[in-house]
Amino acid sequence: MFNSMSLAAYSQVSTLAAKSGDTINLKSSWDTFFGAIEQTSGFGRILNLLSIIGVVLVAFAVVKWAWDRRRGLNGGGSGAIWGALLIGAILSAPNLLIPIVLQIFDLLVNSISKIWGATKS
């Protein structure tokens, strides 16, 4: 199931984590890993199925929230709709959303690391 490219991505993440002073770049590791998975046969169909499930989940959550609001239940609690929207969005577009989140995480961690390094010296 996993080929040499995905193992290389794991190795790259481990190497980045082991070196102190380097920047962390999780997005490029994800791109390598996801690219290796995309090249496997049948993955496009699985990705389409996950996208359909994500869209149905989002649509169901919005309809349920609107229905509960209509019945006077104040939306039935907003936590459930946000959870369903988050999961549905990730399932609908993993090749778009996960790299964006990883890029933001890289930026935060590298900024904190640089600030921490500047205060130590």
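Overview of results
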quantity: Ordering of 24-32, 112-120, 59-67 by packing [mean C-beta count within 10 Å, highest first]; calculated: 24-32, 59-67, 112-120
quantity: Mean Cα-pair separation over length for segment 20-110, i.e. relative contact order, pairs under 8 Å, 6 or more apart, %; calculated: 43 percent
quantity: Prolate/oblate/rounded call for segment 64-121, Cα gyration tensor, a/c under 1.5 rounded; calculated: oblate
quantity: Computed lengthening from residue 68 to residue 109, 0.36 nm per intervening residue step minus Cα-Cα distance; calculated: 10.7 nm
quantity: Protection proxy ranking, peptides 96-107, 41-52, 80-91, average beta carbon neighbours within 10 Å, highest first; calculated: 80-91, 96-107, 41-52
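Bear in mind these aren't lab numbers, they're just calculated from the coordinates by the rules spelled out. In this text the structure is predicted, and so the values were computed from the model without any measurement. Heads up, the Cβs are rebuilt from the backbone with ideal geometry, glycines too, and the neighbour counts pull from every protein chain shown.
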